[in-house]
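Note sheet for the following structure.
The values are calculated or read from the model by the stated rules, or taken from the named source; none is laboratory data. Computed from a prediction, not measured in an experiment: that's the story for all the values here. Reconstructed Cβ throughout: ideal geometry from the backbone, glycine too, with neighbour counts over all protein chains shown. Heavy atoms of the whole protein, side chains included, go into the accessibility calculation; ligands, DNA and RNA do not. Shrake-Rupley method; radii C 1.70, N 1.55, O 1.52, S 1.80 Å.
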Amino acid sequence: MDIKNKTILTGIKPSGQPHVGNYLGAIQPMVNLSDQASKSYFFIADYHALNTLSPNQSLGDLVHLLAAQMIASGFDYKKHYLYRQSDIPEIFELQTIFNSFTPKGWMNKSHAYKAAVDLNRLNNKDVDNEVNMGLYNYPILMAADILIFNTDLVPVGKDQVQHVEIARDIATRFNSRYKSDVIKLPNYYLKEEVKEVPGLDGRKMSKSYNNVIPLFATTEDWHNAVKKIVTDSKDNHTEESIKDTVFYKIYSSISSNEQNKKIVDQLVNKTIGWREAKDELLNIIIDRFQKMSEDYFNIIKDPALIDKILKDNALLIQPQAQDHLDKVKKVVGI
Ligand code: TRP
């Protein structure tokens, strides 16, 4: 799909230090898409994060971290908009209006809620155990995020398609109730599936498994991570068997086709062993992520500057939000 003349909008929940898998799967595709779109709204969904925040996490810190991450990754906040959801209070007023137009049954079917219910059933707990209203109403807030601006496309992964469809359904219901077209219907834009990068032990890359390659790190951190990648002690390898290793799956997600081909040849022909292959991977990680990492560490040192960037961006778009909310309120009679 051509997104050149489109307004795209998407949000991410701030959730902590990213790893290379998050970057390749979510951050980089979003930055690339924004470079193609005519306007891109990217926001940090802090109110969404509040639903699942644990007592030892500071929401403010998490927001700074995600903002610094987006800036270091090249999101062009001077051309597009990088903002904090909570800096646009019109979103929450719109959500309150949408509450009245959203059947409860739609929320029962929403899969964030359903997943929580299923888990509770599995553990023989009350179905609504630990489900707060924020989680239950999550799709209505998400609809308000999207519909407050005249969004054309919402880039999302597969798991969020249903939520964008709910936003469309809410918009359709509202417009038809008032015979109006005040709310623009958005579409989802399914982000290209990027092959998942496995963790150092071959399981899914995840902080809870302690098997990640951190995105923002020092050479020493990367060295220690790469050292931990599991390898085998087979004497002979074929192209297929190399391609099936955890090492290769990680390596090939970061390197070019040419580099991939070369390393397979070298390992099969035994001109290098795992140690040299890992050194090569470390060099590639450094090449690809060191500059970005340094930028990140510089930015994160100055939370006041991050706040200013977020606030300035929010102030630029708040009049649009206000204007649109006023139109919606007028239709409703408020
Ligand atoms: N629910 C999304 C996620 O968990 C984050 C999000 C919140 C979002 N509001 C949004 C994404 C609006 C796109 C549009 O990833």
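Determine the pairs where a residue that is without any contact (Cβ under 8 Å) to a residue 24 or more places away in the chain, located within region 184-201, has a partner that is of a type in the set (A, V, I, L, M) and outside any loop (DSSP other than H, G, I, E, B) with Cβ atoms under 8 Å apart, the partner being 6 or more residues away or on another chain.
From residues that are without any contact (Cβ under 8 Å) to a residue 24 or more places away in the chain, the pairs are 185/171.
Taking helices (runs of 4 or more DSSP H) that fall entirely within region 220-296, which contain at least 3 residues that are surrounded by 16 or more Cβ atoms within 10 Å (Cβ to Cβ)?
Filter on region 220-296 gives 246-254, 257-268.
So that you can scan it fast, the table gives a plain yes or no per residue for (1) assigned to a helix (DSSP H, G or I); (2) near the ligand (Cβ under 9 Å from one of its atoms); (3) more than 18 Å from residue 45 (Cβ to Cβ); (4) modelled with pLDDT under 95:
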position: 121; (1), (2), (3), (4): yes, no, yes, no
position: 124; (1), (2), (3), (4): no, no, yes, no
position: 141; (1), (2), (3), (4): yes, yes, no, no
position: 146; (1), (2), (3), (4): yes, yes, no, no
position: 151; (1), (2), (3), (4): no, yes, no, no
position: 163; (1), (2), (3), (4): yes, yes, no, no
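With the structure loaded, tell me whether residue 333 is open to solvent by less than 50 Å² (accessible area, probe 1.4 Å) and over 27 Å from residue 74 (Cβ atoms) or whether it fails that test.
Answer is no for this residue.
Which residue out of 197, 154, 212, 117 is buried (at least 19 other Cβ atoms within 10 Å of the Cβ) and out of contact with any helix residue (DSSP H, G or I) (no Cβ under 6 Å at 6 or more places or on another chain)?
212
Only one of these is under 30 Å from residue 58 (Cα atoms) and of a type in the set (Gly, Ala, Ser): 277, 217. Name it.
None of the others qualify; the one that does is 217.
If you check residue 40 against the conditions, is it touching a Ser or Thr at 6+ places or on another chain (Cβ under 8 Å), at pLDDT 95 or above and over 30 Å from residue 226 (Cβ atoms)?
Yes.
Quick check: anything in region 174-189 open to solvent by 20 Å² or more (accessible area, probe 1.4 Å), in a loop (DSSP other than H, G, I, E, B) and touching an Asp or Glu at 6+ places or on another chain (Cβ under 7 Å)?
No, the conditions are met nowhere in region 174-189.
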